[in-house]
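Asker: Sharing a structure below in C-alpha cells format, with a few things to ask.
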Amino acid sequence: MKSISRRDLEAMHDDVHRDFLLVNVLPKDTFNRLHIRTSVNVPVDNASFETMMEYVAGSKHREIVLYCASFNCPASTEAAEKLEKAGFTSVYDYEGGTQDWMQHKSAA
C-alpha cells in the first residue's frame, strides 16, 4: 500500500489514459451524503469486502485508490491492508479523504 496526496489523486484524474478505480470505503449512507465524484462505494465493514472489490475492480492487478472521511479516519488504511493481504497488487490510500478533497475543490 502506498499513501497518496490530493495532488497525486488529481494527477491520476487528469491522466485520461490511466485506468484506476476510486473507492469510498465508508458505509453506504455516508457515501450517499457526500463523496468524491467518479468514486464507487464498497464498505470496508462488509464481510465480503475483498470479494466485492475483486468483482468491482475486475482484477487484483488494477490500480485501486481507497479513501474515507478524513485524515483522522482509519477505514481506508484498514481497507488497503485487507486488499494487500488478499493479493491485490496496486493499492493506494488517499488518507485525506472526502474532507480534504472537498475543502480544496471548493477553494479552486
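Each reported figure results from applying straightforward, stated rules to the coordinates on display, with no laboratory input. All values derive from a computational prediction rather than experimental measurement. FYI the Cβ positions are ideal-geometry reconstructions off the backbone, even for glycines, and counts take in every protein chain you see.
Asker: Provide a single number: the residues in the stretch 19-37 that are farther than 14 Å from residue 91 by Cα and either surrounded by fewer than 16 Cβ atoms within 10 Å (Cβ to Cβ) or of a type in the set (A, V, I, L, M) (or both).
Answerer: Residues that pass the stated criteria total 9.
Asker: Restricting attention to the stretch 82-98, which residues are over 10 Å from residue 3 (Cα atoms), touching a strand residue (DSSP E or B) at 6+ places or on another chain (Cβ under 9 Å) and not in a loop (DSSP other than H, G, I, E, B)?
Answerer: Correct list: 83, 84, 97, 98.
Rundown of residues vs (1) in contact with a helix residue (DSSP H, G or I) (Cβ under 6 Å, 6 or more places away or on another chain); (2) within 18 Å of residue 81 (Cα to Cα); (3) not in a loop (DSSP other than H, G, I, E, B), yes/no style:
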{"residue": "9", "(1), (2), (3)": "no, no, yes"}
{"residue": "12", "(1), (2), (3)": "no, no, yes"}
{"residue": "16", "(1), (2), (3)": "no, no, no"}
{"residue": "23", "(1), (2), (3)": "no, yes, yes"}
{"residue": "29", "(1), (2), (3)": "no, no, yes"}
{"residue": "43", "(1), (2), (3)": "no, yes, no"}
{"residue": "54", "(1), (2), (3)": "no, yes, yes"}
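Asker: Turning to a different aspect of this structure: Only residues that are of a type outside the set (Gly, Ala, Ser), out of contact with any Lys or Arg (no Cβ under 8 Å at 6 or more places or on another chain) and buried (at least 16 other Cβ atoms within 10 Å of the Cβ): list them for the stretch 38-51, please.
Answerer: Of everything in the stretch 38-51, just one residue is of a type outside the set (Gly, Ala, Ser), out of contact with any Lys or Arg (no Cβ under 8 Å at 6 or more places or on another chain) and buried (at least 16 other Cβ atoms within 10 Å of the Cβ), namely 42.
Asker: Return the pairs, sorted by first residue and then second, in which the second residue is hydroxyl-bearing (Ser, Thr, Tyr) and assigned to a loop (DSSP other than H, G, I, E, B), the first residue lies in the stretch 63-87 and is free of Cβ contacts under 8 Å to residues at least 60 places away in the same chain and buried (at least 16 other Cβ atoms within 10 Å of the Cβ), the beta carbons are less than 8 Å apart, and the residues are 6+ apart or on different chains.
Answerer: 63/90; 64/90; 67/39
Asker: Pick out the one residue from 70, 76 that is part of a loop (DSSP other than H, G, I, E, B) and of a type in the set (S, T, N, Q).
Answerer: Answer to the selection: 70.
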